[in-house]
Amino acid sequence: MKITITGTGYVGLVTGTCLAEIGHQITCFDIDKEKISLLNEGISPIYEPGLGELIQRNIDSGRLTFSSNPVEAYSNAECIFIAVGTPANEDGSANLSFLEAAAIQIAEQIKKDIIVVIKSTVPVGTNERIGSIIQERVPPNIKIEMVSNPEFLREGTAIHDTFHGDRIVIGANTEEAGKQIGNIYEPLHLPIVHTDIRSAEMIKYASNSFLALKISFINEIANLCEKIGADIDQVSAGVGLDNRIGKKFLNAGIGFGGSCFPKDIHALNYLAKEFDYDFKILQSVIDVNYRQKDLLFYKAKEHFGSLAGKRTTILGLTFKPNTDDIREAASLRIIQDLLLEGAVVTVFDPVAMPKVEKLFGDKISFAVSSEQALVDAEAAFILTEWDEIKSIKLKEIKDKMTEPIIFDGRNCFSLEETKKYGIRYYSIGRPVVQ
Ligand code: UGA
């Protein structure tokens, strides 16, 4: 099928490339000309393992093209997927301005009946609204059919998730439209859930909110474990073996970040308020996550009394490993906290340092390796569980730091090992190693 995907962020670019890989003729459209010219050279503007190679392969096969020209992108498309960003407004609601702008641009170009699929995460009712924006602007004989097809891929494992997802959700008003979009995914042989449009929109918010709830819940249990002398890793393992609960998303840590969970739970909370519903659990998920992000900072403050002048090191800046995304990452809050206290901050991350440099400039120092970042440090904070951070030798930490004290937000090391090396070790939901 000849498909145009609007928006070359994580969702649009990965979806477009994977749909090309399974045989469709894809044009990825973006208003950002710089991004499109990079992509035309086969360079991925985002860091996502395996994506660069897959883009190149599909450019070479002739199935994947990139364009910032709306005439070229839309006029011959048989189907249009919209995957533009829906960031949060100040009040927590979803900002739909990119989506509306895309809808207007699409309306200006289409000359025949078409299915417009919204992949972006959008509040319930948005497909109808976007459908009206397009329909109002095209001649009355052209029929616009809207389909909601939310995306469930994760950054860092986006390609794997696309090919091996748990399900594909397709919300449509007519069986025919749902079937047509289902056919696009047929080669993936994944379970397809057909729903009405509003339910499909809700499935996305409910899924992300439930996963966020799981994380905040286990973080609360972890905080309680610390107080009552239990070990969250053992507790999570024991709880997760219950099939009804499941092992996934039970890793306690410094809270969830990224471009999805924080924005989506705020948007759902906002939506609930609009409909006069007090979504108590969701508000707690938000509150717990806010508090969790500062946890390590307060542990350090309690340990040292004052952090003024302390040489601190931060290992890991991204909201999770295998991505260059720092949106809503705990690192940004902790760096800010440490600077306000007058600490000296050195950071290391395998990929995200240029992005963090743009935010903090010369207020902090950037190391070329985790080993270098640890030299003469008085406190080390582990904020992202990158393989190369998890595999640092504890002996190295002991030898390089002035006094080996680790505040680990990802429980990367065993308590026994840190004890063996005489490292003071604060982690999440586990006893402190003194
Ligand atoms: C999340 C969802 O997992 C995807 O299904 C969804 O498609 C995506 O949002 C989206 O809406 O676009 P993503 O934000 O890429 O994906 O990352 P996750 O792997 O879900 O991790 C989110 C955050 O939760 C990270 O900060 C991670 O460190 C944290 N987390 C995750 C924990 O603290 N503990 C866990 O057990 C799992």
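Please list, or write none, the aspartates and glutamates whose alpha carbon is within less than 15 Å of the alpha carbon of residue 419, excluding same-chain residues fewer than 8 places away.
Cα-Cα hits under 15 Å: 396, 399, 403, 408.
Quick one: what are the phi-derived ³J(HN,Hα) couplings along segment 348-354, Karplus 6.51/-1.76/1.60 with θ = phi - 60°, whole Hz, x for glycine and proline?
The phi angles translate into 9, 8, x, 10, 9, 4, x Hz.
Scan segment 328-408 for trypsin sites (Lys or Arg not before Pro) in coil per DSSP, keeping those whose Cβ has at most 12 other Cβ atoms within 10 Å, and list them by number. It would help to have the intermediate numbers written out before the result.
Working: sites: 333, 355, 358, 363, 390, 393, 395, 398, 400; in loops: 393.
Passing both the DSSP loop test and the Cβ count: 393.
Just subtract the alpha-carbon distance of residue 432 and residue 336 from 0.36 nm times their residue separation and send over the number in nm, one decimal.
Result: 32.1 nm gained on full extension.
If R0 is 35 Å, what FRET efficiency do you get for residue 141 and residue 278 from their C-beta distance, rounded to 0.05? Please list the in-between numbers first.
Numbers: r = 46 Å, r/R0 = 1.32.
That pair, residue 141 with residue 278, gives E of 0.15.
Which residue, 178, 131, 229, tops the fluctuation ranking in a GNM of the chain built on C-alpha contacts under 10 Å?
In the Gaussian network model the winner is 229.
If I take every Cα pair under 8 Å that is 6 or more residues apart in the chain, average their sequence separation and divide by the length, what percent do I get for the relative contact order? Don't jump to the answer; show the numbers that get you there.
On the way: 862 pairs, mean separation 50.6, N = 434.
In percent, rounded to a whole number, it is 12.
For segment 204-291, what is the charge dipole size about the Cα centre, in debye to the nearest 20, if Lys and Arg each add +1 at the Cβ and Asp and Glu each add -1 at the Cβ?
Values: 10 positive and 10 negative charges, 43 e Å.
Here segment 204-291 has a charge dipole of around 200 debye.
Rank 137, 63, 311 by mean-square fluctuation in a GNM of the chain with C-alpha springs under 10 angstrom and give only the top-ranked residue.
Maximum among the listed residues: 137.
Answer rounded, prolate or oblate for segment 1-155, using the Cα gyration tensor with square roots of eigenvalues a ≥ b ≥ c: rounded when a/c is under 1.5, else prolate when a/b is larger than b/c, else oblate.
Values: a/c = 1.86, a/b = 1.28, b/c = 1.45.
Here segment 1-155 falls in the oblate category.
How far apart, in nanometres, would the label points at residue 72 and residue 301 be if each is projected 7 angstrom from Cα along the Cα-to-Cβ direction?
For the pair residue 72/residue 301, the computed spacing is 5.4 nm.
Please give the length that would be gained between residue 363 and residue 239 if that part of the chain were fully extended, namely 0.36 nm times their separation in residues minus their C-alpha to C-alpha distance (nm, one decimal). Please list the in-between numbers first.
Values: separation 124, 0.36 × 124 = 44.64 nm, distance 4.29 nm.
The span from residue 363 to residue 239 would gain 40.3 nm if fully extended.
Please order 268, 282 by the number of other Cβ within 10 Å, starting at the fewest. Could the numbers behind the result be given before it?
Working: 268 25, 282 20.
Ordered from fewest to most neighbouring Cβ atoms within 10 Å, 268, 282 come out as 282, 268.
Residues of segment 326-353 with backbone nitrogen within less than 17 Å of a virtual label 7 Å along the Cα-to-Cβ line of residue 424, please, listed as ranges.
Residues 343-344 qualify, since their backbone N sits under 17 Å from the label point.
Once you charge only the Cβ atoms, +1 for Lys and Arg and -1 for Asp and Glu, what is the size of the charge dipole of the chain about its Cα centre, to the nearest 20 debye?
On the way: 46 positive and 59 negative charges, 133 e Å.
Using Cβ point charges on Lys, Arg, Asp and Glu, the chain gives about 640 debye.
Multiplying the sequence separation of residue 166 and residue 372 by 0.36 nm and subtracting their Cα-Cα distance, what value in nm do you get? Could the numbers behind the result be given before it?
Values: separation 206, 0.36 × 206 = 74.16 nm, distance 4.14 nm.
Roughly 70.0 nm would be gained on extension.
Sorted from fewest to most neighbouring beta carbons within 10 Å, what does the list 396, 176, 151 look like? The partial results should precede the final answer.
On the way: 396 14, 176 10, 151 23.
Lowest count first: 176, 396, 151.
List residues of segment 395-434, by number, whose backbone nitrogen lies under 19 Å from a label position 7 Å along Cα→C-beta of residue 247.
411-414
Between segment 96-112 and segment 177-203, what is the separation of their alpha carbon centroids in Å?
Between the Cα centres of segment 96-112 and segment 177-203 lies a distance of 22 Å.
DSSP loop (so not H, G, I, E, B), at most 10 other Cβ within 10 Å: list which GluC sites (Glu not before Pro) in segment 83-131 pass both filters. Can you show the working numbers first?
Values: sites: 90, 100, 108, 128; in loops: 90.
Taking segment 83-131 and a limit of 10 other Cβ atoms within 10 Å, the loop GluC sites (Glu not before Pro) found are 90.
Sorted from fewest to most neighbouring beta carbons within 10 Å, what does the list 99, 296, 54 look like? If you can, show how the numbers build up before the last one.
On the way: 99 24, 296 27, 54 20.
Going from sparsest to densest Cβ surroundings: 54, 99, 296.
No lab work stands behind these numbers, since they all come straight from the coordinates. None of the values given here were measured: they were computed from a predicted structure. Ideal geometry is used to build each Cβ from the backbone, glycine not excepted, and the neighbour counts take in all protein chains shown.
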